[in-house]
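The values are calculated or read from the model by the stated rules, or taken from the named source; none is laboratory data. Because the structure is predicted, anything quoted here is derived from the model rather than measured. Using ideal geometry, Cβ is built from the backbone for each residue, glycine included, and neighbour counts are taken over all protein chains shown.
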Amino acid sequence: MKNLVKIFATLFFIHAAGIAGGNTTAALKTAGDRNMNIEFVAQKKLFVLTTENSTYAMGVNKSGALGHIYWGKRIGTPGDLSDPISGLFHVNTQEYPGWGEYFFDEPALKMTYSDGVRDTRLRYKEYKITENAGNCELRITLKDSFYPLKVDLVYKIYSDCDVIERHTIVTNQGKSPMTIESIQSAAWYLPRDKSYRLSYQTGRWGKEYHPQEWLMKQGKAVLESRRGVSGPDYTPFFWIDPEGLATEDHGDMWIGALHWAGNWKIIVENNRDNQTRITGGINDFDFDYVLQPAEEFVTPLFSCAFIEGGFGGASRTWHDYQRNHLMRPEKANALMPLIYNSWGAFTFDIDEKRVFKLAEIAAGIGVELFVIDDGWFAKRDNDKCSLGDWYPSPTKFPNGLDPMIKKINDLGMDFGIWLEPEMVSPDSELYRAHPEWVFQFENRTGSQYRHQLVLNLARDDVKEFVYKTMHDLLKNHNIKYFKLDNNRYISEPGWTSADLKDQKSVLVHYYRNFYAIFDRLTKEFPDVLFENCASGSGRVDFSMHRNFDRINRSDNQDPLDMLYLHEGFARVNLPKLAGGACHISTSMAHINGRHAPMRYQAHIGMLGSLAIGQNLFNCTPEQLKEMKGYVDTYKDIRHITQRGDYYQLLSPRTDKRAVYQYVSKDKSEAVLFVLGQSMQFRDKLPNIRLQGLNPDTLYTADGYKPMSGAGLMNIGIPVNLRGDFDSKLIQIRKK
Ligand code: DGJ
């Protein structure tokens, strides 16, 4: 973040009906020392957003509507831009298209007013530009030409990346309620006359982050979730590149991320005029929201960027954006502790005595945080009961949690705990006391999955219960890590106690309460790490990164599958977030029954935040010694893997070796992971060419002669592997 900001004051520019005024600009310096700014060009009625490498422009047309003009590679001057389209066709490129007039594509807003009219016509009213430390913000106000509806479009750009962050605020300024049928966070337009490739990710339990692509013709791609959580069928991210020519290292692309943990939708539409528009926000499927007089509806953020540098450049853009702008600052660059998690070793069969013994062994191999997973509470001996009864099992932990926590602390480790607070087992004290707290429709019984039902967090009494459960646990015990789990989807979202008119807004209220709970907890307990687990990566999106510091990348610990999973995970998520219950564990290779050497498991774990789940009682002294060696290596390199830049040099999908490289931000150190699958025929494989180093610096690596950064990047180094699941970790340091 060198030269990050050359501005110290906060300035405001407000123009009521600003198009009559003169030019207005908010400007900062980018990390690359170029000007970045938000500019209003009065004469042409244009708004121009300039980031380090991109330009985004829109303007007010003759009808008074706000039309999109350009988004792409940075241009020289606003004079280069064309005027916004007027006449009948202006509706096709409206910056935030309301459904109405002569418009037939995917709308950003669809309303029904109190008199039944369903035609929305948004016209420009005013704007405000704000300049802050490190970012500039533009707010453009539109109003319906007749109905009392105000729509604020908010844009934020940053001095250290090309991301444009948008959201929309819709306000009912009238005296009667109006119904929102669809409210998207933003619509984005790509330059016309190209065919584009859409890349996206699909998944399911145990197979998250699977890459897909579609070379688009006229048509519409719908990426969405209807499961009540943001994943894992699709992830709320897209990558679009012209003609499908981008590679890992090269090529222009438009990328996007929607920040919403519930049902969402991203539509990529190439219409009859070959205009590609991306619209995204809360899913309008099974959705209606009655907006009361004076009420505001604030959409989730939708962040997008035009970037150069292919998929790798896209990953690094997202990684820095998460680190610098999404995550809790005190956690973003904190090093992740070496974790032991009890799930792989014990599943539900956990108790105080065994934890005591296991903790001693764990401390001996250098574990820093000991997490007890499922099975510690009430009568939880299997997955059939007790969710909701969050007190220690009287038989397994007769002395409560504190003696165990003390023992773990005395051994020099922090203590962490597992909870699934949004859920309830029908066989639980909680359900017997509050059967009305679960989701289900009148005259129907809610479907159970894993013998559990979902609590309706939209209810304020449920919200209070869930908050208090977690708050009290964290307040009354020395807990430093909180693993949030979520093992089923939200089906049948009936809210039996609410008004008929509010039924279809239930999941919006659910997530507002969900965010409020975790916003509050992370403020109250700033030194606790929060893990986002939903049977693996079932609910991973950028809204979760605000409060969660680690993600269960997948329940799948199959060595081969993990290579693929990591590649997809790191394409968007900061690699240091890549956790899991048990990277080093033989018991968790259950998906395919495939086993790999401990070294291989450890290396894959070290790509993110390493955890051990092996039943340590069953380990020989030699195995424990080997494990300690990996723990030491992890501690030695994690400042690079967790704070540095990430490069995918070879993909497991196209090469026998998956190769991932991490480089410290000052380019003085790097770590190379070379992970083989099945090597054959003693093939002579190409040198591995590194990236992101300083060309003029001399580097050393064990087993190799000293080489300059330029040499390592252009000539590369040979790395030979043998047999199945061989791997190497190579540390590279400035000489
Ligand atoms: C699913 C999680 O992904 C696992 O890590 C483990 O916590 C189990 N749930 C416990 O039920």
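Could you check, for the stretch 425-436, whether at least one of its residues is within 16 Å of the ligand (Cβ to nearest atom), in the same structural domain as Asp472 (by TED's automatic domain parsing) and in contact (Cβ under 8 Å) with a residue 60 or more places away in the chain? No: zero hits. Taking each residue of the stretch 471-494 that is polar (S, T, N, Q) and looking for partners that are away from the ligand (no atom under 16 Å from the Cβ) and in a loop (DSSP other than H, G, I, E, B) with beta-carbon atoms closer than 7 Å, six or more apart or interchain, yields Ser491/Ser447. Within the stretch 394-419, residues that are among the acidic types (Asp, Glu) sit with their Cβ atoms under 7 Å from residues that are assigned to a loop (DSSP other than H, G, I, E, B), at 6+ positions apart or across chains, in these pairs: Asp402/His477; Asp414/Pro337; Asp414/Glu368; Asp414/Lys480.
For the stretch 545-562, the candidate set comprises residues that are more than 11 Å from the ligand (Cβ to nearest atom) and in contact with a helix residue (DSSP H, G or I) (Cβ under 7 Å, 6 or more places away or on another chain); within that set, the residue that is nearest to His590 (Cα to Cα) is Pro559. Take the conditions part of a loop (DSSP other than H, G, I, E, B) and either within 16 Å of the ligand (Cβ to nearest atom) or farther than 22 Å from Leu387 by Cβ (or both) and apply them to Pro493. Does it pass? Spelling it out, it is not the case that Pro493 is part of a loop (DSSP other than H, G, I, E, B) and either within 16 Å of the ligand (Cβ to nearest atom) or farther than 22 Å from Leu387 by Cβ (or both). Any residue at all in the stretch 608-617 that is surrounded by fewer than 18 Cβ atoms within 10 Å (Cβ to Cβ) and either in contact with a His (Cβ under 8 Å, 6 or more places away or on another chain) or not in a helix (DSSP H, G or I) (or both)? Yes, the conditions are met somewhere in the stretch 608-617. Entry remark, the stretch 49-88: residues being part of a helix (DSSP H, G or I) and in contact (Cβ under 8 Å) with a residue 12 or more places away in the chain number 2 in total.
Taking strands (runs of 3 or more DSSP E) as the structural unit, those lying wholly within the stretch 626-716 and holding at least 2 residues that are at pLDDT 95 or above and touching a Phe, Trp or Tyr at 6+ places or on another chain (Cβ under 8 Å) correspond to 645-650, 657-663, 669-676, 704-708. Do we have His566 as in the same structural domain as Leu419 (by TED's automatic domain parsing), farther than 21 Å from Ser225 by Cβ and not hydroxyl-bearing (Ser, Thr, Tyr) here? Spelling it out, His566 is indeed in the same structural domain as Leu419 (by TED's automatic domain parsing), farther than 21 Å from Ser225 by Cβ and not hydroxyl-bearing (Ser, Thr, Tyr). Taking the stretch 198-218, which residues are closer than 25 Å to Asn487 by Cβ and either outside any strand (DSSP E or B) or polar (S, T, N, Q) (or both)? Gln201, Thr202, Gly203, Arg204, Trp205, Gly206, Lys207, Glu208, Tyr209, listed by residue number. Could you tell me whether the stretch 342-350 includes any residue that is modelled with pLDDT under 95, β-branched (Val, Ile, Thr) and closer than 20 Å to Ala581 by Cβ? The answer is yes; a qualifying residue exists.
Within the stretch 386-409, is even one residue farther than 30 Å from Pro526 by Cβ, within 16 Å of the ligand (Cβ to nearest atom) and acidic (Asp, Glu)? Scanning the stretch 386-409, I find no residue that is farther than 30 Å from Pro526 by Cβ, within 16 Å of the ligand (Cβ to nearest atom) and acidic (Asp, Glu), so the answer is no. The listed residues are Gly580, Gly644, Gly613, and the only one of them that is more than 16 Å from the ligand (Cβ to nearest atom) and under 26 Å from Val540 (Cβ atoms) turns out to be Gly644. Residues in the stretch 169-205 that are closer than 13 Å to Tyr147 by Cβ and charged (D, E, K, R): Lys175 only. Is it fair to say His603 is surrounded by fewer than 20 Cβ atoms within 10 Å (Cβ to Cβ) and under 28 Å from the mean Cα position of the chain (by Cα)? Against the criterion (surrounded by fewer than 20 Cβ atoms within 10 Å (Cβ to Cβ) and under 28 Å from the mean Cα position of the chain (by Cα)), His603 does not qualify. For the stretch 519-544, the tally of residues that are closer than 27 Å to Gln201 by Cα, away from the ligand (no atom under 15 Å from the Cβ) and part of a loop (DSSP other than H, G, I, E, B) stands at 1.
Consider the stretch 106-123. How many of its residues are closer than 24 Å to Leu46 by Cβ and surrounded by fewer than 19 Cβ atoms within 10 Å (Cβ to Cβ)? Selection size over the stretch 106-123: 1. Examine the stretch 471-488 for a residue that is of a type in the set (Val, Ile, Thr), in a loop (DSSP other than H, G, I, E, B) and surrounded by fewer than 19 Cβ atoms within 10 Å (Cβ to Cβ), and state whether such a residue exists. No - not one qualifying residue is present in the stretch 471-488. When Leu455, Leu507 are checked against the criterion of being within 29 Å of Leu369 (Cβ to Cβ) and more than 16 Å from the ligand (Cβ to nearest atom), a single residue qualifies: Leu455.
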